[in-house]
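A short reminder: the numbers here are calculations on the coordinates, not readings from a lab. These numbers were taken from a predicted model, which means no experiment stands behind them. Neighbour counts run over all protein chains shown; Cβ positions are idealised from the backbone, glycine included.
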Amino acid sequence: MGRATVADIKGRDFSELDKEAKANTENTNKGSNTNKNRNTTTSDSRGRKNRRRQKKTMVVHPVQRLFDACKDVFAHAGTGFVPPPDKIEQLSALLDEIRPVDVGLSPRMPFFSPQATRRAPTITYLHIHECEKFSMGIFCLPPSGVLPLHNHPGMTVFSKLLFGTMHIKSYDWVVGAPSASAVAEPSQTQRSEVRMAKVKVDSNLTAPCKTSILYPADGGNMHCFTAVTACAVLDVLGPPYSDLEGRHCTYYLAYPFTKFSGDEQVSIPDEEKDRYAWLQERDKPEDLVVEGALYTGPVIREN
């Protein structure tokens, strides 16, 4: 989501990082002829050291494991793709174990500091990876930062709250429900239709917590994030936004269920009406500012 839409910022390429210097490895064959007379104890000692070095180089950091799993899980991803249950469990388990330090984050970083401004606080996006099948990135929100209500059409999304407290309000469309006509807000260019949706989640999440998952048709596909404290969210989207493939990011306004006449055509008990709302498409909020910053965590190796 500086470009200031969720779709655009996730499409920006911040992944061109300087490659990590390759670890120096000893060439055990070099000078072997001159070492024939060295005693067996010295050879054994060096052999043990070399084996320890090899074991260290084989350690795979958590973000690399997540990337490798995403390549497998989303290998055939397209609009509407939902991974099988075992693959969902696999990605969730990997995300559950990731900590801020694993992605090079600390709450003391400047983009998590409170902002003295009349505008909405600036949000920072750290791009980790994006391809046609999936994307990985981190949203960094200072206190009171807001990612306004938006959708994820035909996408499965994993969100891992790395630290802090965040309020999440999410919705799913009510299939077969009537629509209503709404007068556009002053920022809108024309009168537009509103659609009925049901609230899926309306609560605070505090890290550490389990990974949240939304699906193309349920799980809270349209959501809004509000930072109660400074917080960071690691997102995995499969497949990612794509205008060419019809996966546009759309923003919405939410109205109480009783605001429009369409509620008369739906039989819902009074005590449950606060669990429903009317959503209206809107332009990108003018006060939404999301800036890209360099991801400084472990480098992903794609081969």
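Three principal axis extents of segment 96-255 based on alpha-carbon atoms, in descending order, are 47, 38, 29 Å. Taking amide H positions as modeled 1.01 Å from N, with prolines and chain starts lacking one, the residues under 5 Å from R247 and 5 or more places away or on another chain are S242. Using θ = phi - 60° in the Karplus curve 6.51 cos²θ - 1.76 cosθ + 1.60, the 3J(HN,Hα) couplings for segment 287-300 round to 8, 7, 10, 10, 10, x, 9, 6, 6, 10, x, x, 6, 7 Hz; x is entered for Gly and Pro. Residues whose amide H comes within less than 5 Å of that of L162, counting only those at least five positions distant or on another chain, are A232, V233, L234 (H built at 1.01 Å from N in the peptide plane). Taking 7 Å steps out from each Cα toward its Cβ at W173 and E193 produces label points 0.9 nm apart.
Looking at this model, which pairs from K200/K284; K87/K200; K210/K284; K71/K273; K160/K273 are more than 32 angstrom apart at the alpha-carbon? Can you show the working numbers first?
On the way: K200/K284 23 Å; K87/K200 23 Å; K210/K284 30 Å; K71/K273 42 Å; K160/K273 30 Å.
Pairs exceeding the cut-off: K71/K273.
Length available on full extension from V266 to S144: 0.36 nm per residue minus the Cα-Cα distance, which gives 40.4 nm. Note that segment 197-212 has calculated 3J(HN,Hα) couplings of 9, 10, 5, 9, 9, 8, 7, 8, 10, 10, 6, x, 8, 6, 5, 8 Hz, one per residue in order, obtained from phi through the Karplus relation 6.51 cos²θ - 1.76 cosθ + 1.60 (θ = phi - 60°); glycine and proline are x.
Our note on the geometry: Cα centres of segment 65-90 and segment 282-303, 22 Å apart. Using the Karplus relation 6.51 cos²θ - 1.76 cosθ + 1.60 with θ = phi - 60°, the per-residue 3J(HN,Hα) values for segment 159-165 come to 10, 10, 6, 7, 7, x, 10 Hz, with x marking Gly and Pro. The calculated FRET efficiency for the pair D218 and K87, based on their C-beta separation and a Förster distance of 22 Å, comes to about 0.80. Sorting the segments 106-119, 277-290, 136-149 by their mean number of nearby beta carbons within 10 angstrom, highest to lowest, gives 136-149, 277-290, 106-119. Taking every Cα-Cα distance in segment 193-290 and sorting them into 5 Å bins starting at zero, the pair-distance distribution P(r) comes out as 2, 9, 17, 20, 21, 16, 10, 5, 1 percent. The length gained on full extension between A293 and D72, counted as 0.36 nm times the residue separation minus their Cα-Cα distance, comes to 76.8 nm. Close amide H partners of F225, meaning residues 5 or more places away or on another chain with modelled amide H under 5 Å apart, are L147.
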